[in-house]
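Read the structure below first, then the notes.
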Amino acid sequence: MPRSLVAQALSARISLLPLSSHAKTLRMSVTRRSSRSLSSEAESPSSECDPNLDFQHLEPEKGCDVSDGEKRFYGRKKRAKRIIEVDGETAKEESADKKVSGPIDIEDFAYHKINLSATSTNLPANWEAVFDGIRKMRLAEDAPVDTMGCEKAGLSLPPKERRFAVLVSSLLSSQTKDAVTNGAIKRLSDKGLLDADAIVKSDEATIAGVIYPVGFYSRKAHYLKKVAEICLEKYQGDIPNSLNELLALPGVGPKMAHLVMNVGWNNVQGICVDTHVHRICNRLGWVSRPGTRQKTSTPEETRVSLETWLPKDLWDPINPLLVGFGQTVCTPLRPQCGSCGINQLCPSAFKESASPNSKAKRSQK
């Protein structure tokens, strides 16, 4: 999309009027964005490891190398010609009848009950000015999420088919960059595999080959088959219209469920928190662990903390706003604090711009 057109579209979604004390003057559309971080996703050998990523759900051979002060994905070396490495996930080419044992969560967080009574409801200082500053930066620069986010899936399809396409895109987006997810959705569409019936009739090996190289492509192919079967049997090829039913689907976590509810059913029940939103809210001091002033340790803690004070009319637009900001300015490693328009209001400004080794070298001089 030409730069000017994207800017016009973003301007239409985000009002330039200053925020009121209750953010009532801000008007943004109910479009959604991709849920995955550019650096925390496992789909290319050059991907860096997001410090906020929870590695307990990854494969045994997956991990981070911290010997040089910076986290990086690593995996086992190739042992045979039929071994494929995808950002630390070393997977053998699977046959059509290969099965995945047990439900494994491929999202980087799980749905947990959190003690709401212990969560502070105090408004963060200058949050409106910070929000407005981020909004203006987003208008000035395009981000991958603006053209390749999950909500772009199936735009030309009828509502029912589009909802299923958004669900598929959300599932594929876990630990995968927007561009890679978008490419996989296009290939599925080109091959007629972007609806429940077609996926059920196809085999896992074929689906895995089409969606490769999304992170954990083999496992996601298995989940897609299961999700398609459930959607056909229980919802006549449509998707569930409740948060709990979406969370019951194989491979679907809270971030995906909230996003699909927002986009597919225009029903905002909570904030869609991915690693970008989780990271940035902690850097800004917008969230804290229940009963403490410590940073939240999971995206779910961030979601609950954020929902205690953020006006509900901002629950939907906060995700695309911060995801794009995290992709272009407030990046996982070496955030661009020097060019950030809110660096004077951010408590974390210039504190993460250099690697630990660089800081150590300077302190020894």
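Overview of results
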| item | result |
| --- | --- |
| Qualifying residue in segment 249-272 (condition: under 24 Å from Glu128 (Cβ atoms) and outside any loop (DSSP other than H, G, I, E, B)) | yes |
| Segment 192-237, subset of a type in the set (S, T, N, Q) and out of contact with any strand residue (DSSP E or B) (no Cβ under 7 Å at 6 or more places or on another chain), residue farthest from Thr181 (Cα to Cα) | Gln236 |
| Close pairs (7 angstrom Cβ cut-off, 6 or more residues apart or separate chains): crowded, with 18+ Cβ neighbours inside 10 Å in segment 125-154, modelled with pLDDT of 90 or more and among the charged types (D, E, K, R) anywhere | Pro144/Asp178; Val145/Asp178; Met148/Asp178; Gly149/Asp178; Gly154/Glu161; Gly154/Arg162 |
| Unique match (being over 21 Å from Ala184 (Cα atoms), touching a residue at least 12 places away in the same chain (Cβ under 8 Å) and of a type outside the set (S, T, N, Q)) among Leu249, Leu232, Leu224 | Leu232 |
| Criterion (crowded, with 24+ Cβ neighbours inside 10 Å, over 23 Å from Asn267 (Cα atoms) and not hydroxyl-bearing (Ser, Thr, Tyr)) met by exactly one of Leu171, Leu224, Leu167, Leu193 | Leu224 |
| Residue list for segment 310-355, restricted to those being without any contact (Cβ under 8 Å) to a residue 40 or more places away in the chain and among the aromatic types (Phe, Trp, Tyr) | Phe350 |
| Residue within segment 301-320 that is at pLDDT below 95, open to solvent by less than 10 Å² (accessible area, probe 1.4 Å), farther than 18 Å from Asp132 by Cα and within 15 Å of the chain's Cα centre (by Cα) present | no |
| Gly237 in contact with a Lys or Arg (Cβ under 8 Å, 6 or more places away or on another chain) and closer than 21 Å to Asn266 by Cβ | yes |
| Residues that are surrounded by fewer than 23 Cβ atoms within 10 Å (Cβ to Cβ), in contact with a helix residue (DSSP H, G or I) (Cβ under 7 Å, 6 or more places away or on another chain) and within 21 Å of Glu128 (Cα to Cα), drawn from segment 287-300 | Ser288, Lys295 |
| Members of segment 262-282 that are buried (at least 20 other Cβ atoms within 10 Å of the Cβ) and aliphatic (A, V, I, L, M) | Val263, Ile271, Val273, Val277, Ile280 |
| Looking only at segment 321-340, and only at residues there that are of a type in the set (Gly, Ala, Ser) and surrounded by 15 or more Cβ atoms within 10 Å (Cβ to Cβ), the one that is farthest from Arg135 (Cα to Cα) | Gly326 |
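The values are calculated or read from the model by the stated rules, or taken from the named source; none is laboratory data. All figures in this text were calculated on a predicted structure; none of them were measured in a lab. Every residue, glycine as well, gets a Cβ built from its backbone with ideal geometry; the counts of neighbours run over all protein chains shown. Surface areas here come from the heavy atoms of the whole protein model, side chains and all, with no ligands, DNA or RNA. Shrake-Rupley method; radii C 1.70, N 1.55, O 1.52, S 1.80 Å.
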